[in-house]
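Below is one structure; the comments refer to it alone.
The values are calculated or read from the model by the stated rules, or taken from the named source; none is laboratory data. Quick caveat, the model's predicted, so the values are computed rather than measured. Here the Cβ positions follow ideal geometry from the backbone for every residue, glycine too, while neighbour counts run over all protein chains shown.
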């Protein structure tokens with residue numbers, strides 16, 4: 001600032017900066033619909049509440065039940081497996097596809113226009129479509145015997161989890177590869193030219209130039225995947241309905257069932273609070289890794 | 001400098017084309033065939049008879065009304081998000097002091113709030129406001145949960161405006177309001193487009209808020225309409241998939257007319 005002070009004295013019009021008042025309407029709105037409910041869900045986790053009478057304060061009852069609940073342990077485990085499975089499948093495909101699509105050849109442009117078509121379908125539409133395509137009686141398994149061996153993909157736990165990963169990836173790889181395509185296009189061309197002069201081949205260029213340059217996008221994309229994974233509710237409801245049995249009943253799904261099917265809002269709030277904790281830890285870790293919180297321009301875009 | 005073609009990558013891209021293409025082909029193919037043919041031949045048959053009956057079934061069930069509701073929700077969400085997020089981002093980028101920094105951190109943290117986790121109190125709030133089973137009961141929470149990403153995208157865009165331009169505005173005697181309207185908004189057009197795309201996608205993809213905050217036919221959105229279709233027309237797969245196909249029409253229209261903006265918007269969101 002001191003550098004500017006002399007000039008400010010010479011030129012009377014000072015730079016008027018917007019005050020906090022500009023942020024107030026949005027802040028209030030966000031407080032009412034996001035922050036207050038966060039506090040609310042924590043409070044409700046210490047109550048028994050059926051949604052009709054007023055909530056009864058029960059102290060740690062929900063929480064002691066929560067830590068002894070084997071279904072919760074299983075839901076947490078499946079949530080984790082899905083999260084890891086989704087990232088492991090989607091990240092490599094998205095990076096390779098995005099980098100490939102960043103090339104300027106005409107055929108790549110045409111193909112990538114087709115690749116992005118799943119973006120047009122909502123999660124509900126995608127899940128319903130795949131549920132029918134994978135239907136054991138009339139869908140692909142009944143016609144393409146060599147691939148499915150006549151079995152019902154939704155019949156087993158492993159099969160259902162595989163279906164959830166497959167369908168989620170089908171829907172979201174186009175989105176993530178689009179992020180990578182944009183980032184890959186903004187890598188300075190001179191880096192590759194210098195490497196080529198040094199005799200680096202395609203693979204070495206990819207490993208030593210492309211991947212490091214995509215670091216921020218990887219963090220952005222992973223953030224989206226983690227948050228998407230923790231909120232994956234519609235896909236489970238419409239694709240496996242938590243089944244077989246409760247094998248794919250992930251945390252958001254069991255929270256929904258507990259609250260809006262069995263009307264046990266207090267206990268559901270305990271599950272919800274746990275979800276909140278997981279999301280916050282993940283987000284803090286990822287923002288620390290990315291340096292978004294330093295408000296520097298690396299966060300251009302997002 | 002010419003590079004030799006990368007055959008391996010090309011082959012992999014073709015594999016992905018099959019993975020994307022076959023289900024989409026099966027979707028369209030099933031939606032235009034009679035039910036008897038579907039049960040006989042399955043989703044990947046060669047099309048011989050094309051029928052529009054499935055689409056008539058869907059339209060007769062009132063599906064167009066759900067599409068209209070979704071369009072209303074998406075437009076209102078984008079309008080609210082821009083009206084709130086643009087001033088927030090402006091204050092965050094140009095304001096001074098710990099409060100504006102705190103505001104930014106709050107929205108960063110807000111990125112991680114899963115809507116599922118707060119749906120129970122949110123349901124209470126919407127109820128208390130008398131908005132249960134109205135489109136506003138869906139629009140307001142959707143907009144609130146689109147705010148963090150929008151603030152992040154918009155403040156990223158506004159940070160790139162050079163200080164000299166602000167100084168020039170100040171020399172002209174412009175206050176913060178005029179600077180926002182004549183400098184900041186025009187200069188962050190692409191960030192505004194990106195934020196709009198995100199908010200619209202969120203509204204159009206939304207499932208939980210329409211499921212919890214509304215129940216009547218009047219306030220049903222496309223995603224919920226599809227969900228109900230599963231139980232109503234579960235046995236009639238061609239009609240079900242015709243509904244799935246129709247649900248993509250609004251975004252397809254956007255895609256056809258604003259493909260460049262849509263793709264650029266999503267691409268710009270990746271960060272460098």
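Some notes on this structure:
To keep it simple, each residue is scored yes or no on (1) more than 9 Å from every other protein chain (Cβ to nearest Cβ); (2) farther than 30 Å from residue B:5 by Cα.
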residue	(1), (2)
A:88	yes, no
A:97	no, no
A:108	no, no
A:130	no, yes
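- Inside region B:255-272, residues that are in contact (Cβ under 8 Å) with a residue 24 or more places away in the chain, surrounded by fewer than 21 Cβ atoms within 10 Å (Cβ to Cβ) and either more than 20 Å from residue B:75 (Cα to Cα) or within 9 Å of chain A (Cβ to nearest Cβ) (or both) make up a count of 1.
- Just one of the listed residues (B:240, B:245, B:226, B:211) is over 19 Å from the mean Cα position of the chain (by Cα), facing chain A (nearest Cβ under 9 Å) and not in a loop (DSSP other than H, G, I, E, B), and it is B:240.
- The requirement of being within 7 Å of chain A (Cβ to nearest Cβ), farther than 14 Å from residue B:240 by Cβ and touching a residue at least 12 places away in the same chain (Cβ under 8 Å) is not satisfied by residue B:22.
- Among (1) surrounded by fewer than 17 Cβ atoms within 10 Å (Cβ to Cβ); (2) free of Cβ contacts under 8 Å to residues at least 40 places away in the same chain; (3) under 20 Å from residue B:31 (Cβ atoms), the one test that residue B:240 misses: (1)
- Qualifying residue in region A:48-70 (condition: within 12 Å of chain B (Cβ to nearest Cβ) and buried (at least 18 other Cβ atoms within 10 Å of the Cβ)): yes
- Qualifying residue in region B:3-12 (condition: more than 30 Å from residue A:144 (Cβ to Cβ) and within 23 Å of the chain's Cα centre (by Cα)): no
Residue-wise test of (1) surrounded by fewer than 22 Cβ atoms within 10 Å (Cβ to Cβ); (2) modelled with pLDDT of 90 or more; (3) over 23 Å from the mean Cα position of the chain (by Cα).
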| position | (1), (2), (3) |
| --- | --- |
| A:91 | yes, yes, no |
| A:95 | no, yes, no |
| A:105 | yes, no, yes |
| A:121 | no, yes, no |
| A:125 | no, yes, no |
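- Search result, residues across region B:169-196 that are outside any helix (DSSP H, G or I) and at the interface with another protein chain (Cβ under 10 Å from one of its Cβ atoms): B:172, B:173, B:174, B:175
Residues are listed down the side, and each one gets a yes or a no for (1) on the phi > 0 side of the Ramachandran plot; (2) in contact (Cβ under 8 Å) with a residue 40 or more places away in the chain:
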{"site": "B:91", "(1), (2)": "no, no"}
{"site": "B:97", "(1), (2)": "yes, no"}
{"site": "B:106", "(1), (2)": "no, no"}
{"site": "B:120", "(1), (2)": "no, no"}
{"site": "B:131", "(1), (2)": "no, yes"}
{"site": "B:162", "(1), (2)": "no, no"}
{"site": "B:168", "(1), (2)": "no, no"}
{"site": "B:172", "(1), (2)": "no, no"}
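- All of A:96, A:42, A:28 fail the test of being within 30 Å of residue B:26 (Cβ to Cβ) and in a helix (DSSP H, G or I), apart from A:96.
- Answer from A:75, A:45 - the residue that is in contact with a helix residue (DSSP H, G or I) (Cβ under 8 Å, 6 or more places away or on another chain), surrounded by 17 or more Cβ atoms within 10 Å (Cβ to Cβ) and closer than 30 Å to residue B:103 by Cβ: A:45
- Within region B:108-118, the set of residues being touching a residue at least 12 places away in the same chain (Cβ under 8 Å) and either within 30 Å of residue A:15 (Cα to Cα) or buried (at least 23 other Cβ atoms within 10 Å of the Cβ) (or both) comprises B:108, B:113, B:115, B:116.
- Scan of region A:172-203 for residues that are surrounded by 21 or more Cβ atoms within 10 Å (Cβ to Cβ), more than 8 Å from chain B (Cβ to nearest Cβ) and more than 16 Å from the chain's Cα centre (by Cα), ordered by number: A:184
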